[in-house]
């Protein structure tokens, strides 16, 4: 009786669409597929958020850098930083400016460039930490999702062959629907992993680009700081 029911299920699966195959899956493969869908949604949420963050960071960096180069001294820049709240360069500037201001107030001039350089590096490190937030999630999704999908596929194939044996049939027509159902988990795993891998690499390049820009800016800041104190 049990074998008859499983055999009827295999025949019914042959006439189902992708969505129907998902809905007809066994509980464990279904749970795996649901997990992959949730992972994919979270991954895309992070992708869109990071894309928007990097786009605005680049735009505000460009505007701030233009204002910095046109300003007459660091104090004039300090008064205008609120106009560029999303620019990573602003944080680097503020770290450096605080150290410059501290030295000038105490001694009337720059005593040492080394503390300023350290302050600028702290600013860069802080901004990089912000930019890299949630990047580990994309890397994890890219690396793990295919294996989660494969796990669901293996369980689905086991169920398909168990039902096939119980039904007493060895034809491809009988086993193919069950295998098709199982392979959906692999497809979902790849669908989650591929975008995560692509955008992880793209965003990593963007972060390196912004980091290089912050390093270059720290050199500009030191030059301007020296000139401002001399004047």
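Please pick out the residue among 114, 110, 128 that is under 18 Å from residue 219 (Cα atoms) and either in contact with a strand residue (DSSP E or B) (Cβ under 6 Å, 6 or more places away or on another chain) or loosely packed, with under 14 Cβ neighbours inside 10 Å (or both).
Only one candidate qualifies: 114.
Show the residue pairs meeting these rules: Cβ distance below 6 Å; 6+ apart or different chains; first residue within region 95-119 and on the phi > 0 side of the Ramachandran plot and modelled with pLDDT of 85 or more; second residue loosely packed, with under 15 Cβ neighbours inside 10 Å and not in a helix (DSSP H, G or I).
Pairs found: none.
Which residues, taken from region 63-74, are surrounded by 14 or more Cβ atoms within 10 Å (Cβ to Cβ) and assigned to a helix (DSSP H, G or I)? Full working, then the answer.
Step one: filter region 63-74 for residues surrounded by 14 or more Cβ atoms within 10 Å (Cβ to Cβ), giving 63-65, 67-68, 71, 74.
Within region 63-74, 63, 64, 65, 67, 68, 74 meet the criteria.
Residues being in contact (Cβ under 8 Å) with a residue 12 or more places away in the chain and either surrounded by fewer than 16 Cβ atoms within 10 Å (Cβ to Cβ) or touching a strand residue (DSSP E or B) at 6+ places or on another chain (Cβ under 7 Å) (or both): count how many of those fall in region 76-85. Can you show your working first?
Residues of region 76-85 in contact (Cβ under 8 Å) with a residue 12 or more places away in the chain: 77-78, 80-81, 83-85.
Now narrow it down to the ones that are either surrounded by fewer than 16 Cβ atoms within 10 Å (Cβ to Cβ) or touching a strand residue (DSSP E or B) at 6+ places or on another chain (Cβ under 7 Å) (or both): 80, 83, 85.
The qualifying residues number 3.
The values are calculated or read from the model by the stated rules, or taken from the named source; none is laboratory data. Bear in mind that the values here come from a model prediction, so they are computed numbers and not experimental data. Note that each Cβ is placed from the backbone with ideal geometry, even for glycine, and that neighbours are counted across all protein chains shown.
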